[in-house]
1. Among the residues of the stretch 76-95, count how many are surrounded by fewer than 13 Cβ atoms within 10 Å (Cβ to Cβ) and touching a residue at least 60 places away in the same chain (Cβ under 8 Å).
2. Is it the case, given these coordinates, that Thr198 is in contact (Cβ under 8 Å) with a residue 24 or more places away in the chain, part of a loop (DSSP other than H, G, I, E, B) and β-branched (Val, Ile, Thr)?
3. With (1) without any contact (Cβ under 8 Å) to a residue 60 or more places away in the chain; (2) over 22 Å from Ile196 (Cβ atoms); (3) in contact with a helix residue (DSSP H, G or I) (Cβ under 9 Å, 6 or more places away or on another chain) as the list, and Trp34 as the residue in question, which single condition is left unmet?
4. Identify the residue in the stretch 184-199 that is out of contact with any Phe, Trp or Tyr (no Cβ under 8 Å at 6 or more places or on another chain) and surrounded by 14 or more Cβ atoms within 10 Å (Cβ to Cβ) and, among all such residues, is farthest from Leu19 (Cα to Cα).
5. Consider Leu152 against the criteria (1) surrounded by 20 or more Cβ atoms within 10 Å (Cβ to Cβ); (2) within 20 Å of Ile17 (Cα to Cα); (3) without any contact (Cβ under 8 Å) to a residue 60 or more places away in the chain: it satisfies all of them except one. Which criterion is unmet?
Amino acid sequence: MKLFASPTSPYARKIRIVLFEKQLPFELVEDSPWESATRVPEINPLGKVPVLVLDDGEVFFDSPVIAGYLETLNAEPRLLPTDALARVRVRQTEALADGITDAAVTALLESRRPDGERSDREIARQTAKIERGLDVLERRATGREWLHGDGLSLADIAAGTALAYLDLRFPQLSWRDAHPALKTLEARMSARPSFIETVPPVG
């Protein structure tokens with residue numbers, strides 16, 4: 001299978017980490033939807049990465065769907081619980097972490113708009129989403145080694161990816177100061193080989 005991904009996409013990084021953790025073989029096809037020669041719209045009508053293309057040609061997008069598909073391959077470690085309600089709870093935390101990333105991406109794109117078109121109000125609105133999301137994620141992480149259960153889950157991977165993206169794009173937020181539990185979680189996740197192998201380029 002092939003994973004179409006931009007090197008700096010936090011969503012693509014999340015899937016690359018899942019693939020690494022499960023030791024699933026795949027071909028990485030670096031492709032940014034922002035480039036004129038991109039092939040992404042040909043395989044994902046929404047023009048976004050990541051996109052997973054199976055050997056038989058079936059296509060999966062976006063990152064929560066791809067992560068769900070990879071879980072059906074029964075490769076260890078299992079990153080979603082078998083219990084239905086526990087599974088929903090993990091996916092809820094994944095959605096929270098992804099939402100923090102969504103807000104960060106939106107704020108970044110807005111900050112790169114030309115003078116006169118950029119909205120400081122919109123950037124502030126997205127920053128507020130990030131701060132609220134971090135506060136909730138902090139409460140979920142407090143007093144726990146893992147966000148759910150007694151081992152690594154998709155929630156931890158999504159949270160670690162979101163926090164690393166904030167470090168990459170918004171270091172001025174200094175999110176660690178008010179979130180000691182997340183600081184510990186991020187340090188644990190960033191030390192994993194899957195995170196080390198997928199560190200995005202600066203730029």
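1. Total meeting the criteria: 1.
2. Details: in contact (Cβ under 8 Å) with a residue 24 or more places away in the chain: yes; part of a loop (DSSP other than H, G, I, E, B): yes; β-branched (Val, Ile, Thr): yes.
Answer is yes for this residue.
3. Answer for Trp34: the failing condition is (3).
4. We begin by selecting, within the stretch 184-199, every residue out of contact with any Phe, Trp or Tyr (no Cβ under 8 Å at 6 or more places or on another chain); these are 184-188, 190-192, 195-196, 199.
Retained after the next criterion (residues that are surrounded by 14 or more Cβ atoms within 10 Å (Cβ to Cβ)): 184-186, 188, 190, 192, 195.
Working: Thr184: 24, Leu185: 20, Glu186: 19, Arg188: 19, Ser190: 16, Arg192: 13, Phe195: 11 Å.
Checked the stretch 184-199; the qualifying residue farthest from Leu19 (Cα to Cα) is Thr184.
5. (3)
Yes/no matrix, rows are residues, columns are (1) surrounded by 13 or more Cβ atoms within 10 Å (Cβ to Cβ); (2) outside the structural domain of Ala95 (by TED's automatic domain parsing); (3) of a type in the set (Phe, Trp, Tyr); (4) out of contact with any Pro (no Cβ under 7 Å at 6 or more places or on another chain):
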{"position": "Leu19", "(1), (2), (3), (4)": "yes, yes, no, yes"}
{"position": "Pro25", "(1), (2), (3), (4)": "no, yes, no, yes"}
{"position": "Leu52", "(1), (2), (3), (4)": "yes, yes, no, yes"}
{"position": "Ile66", "(1), (2), (3), (4)": "yes, yes, no, no"}
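The values are calculated or read from the model by the stated rules, or taken from the named source; none is laboratory data. Fair warning: this is a prediction, and the values are worked out from it, not measured in the lab. Cβ sites come from the backbone with ideal geometry, for glycine too, and all protein chains shown count toward neighbours.
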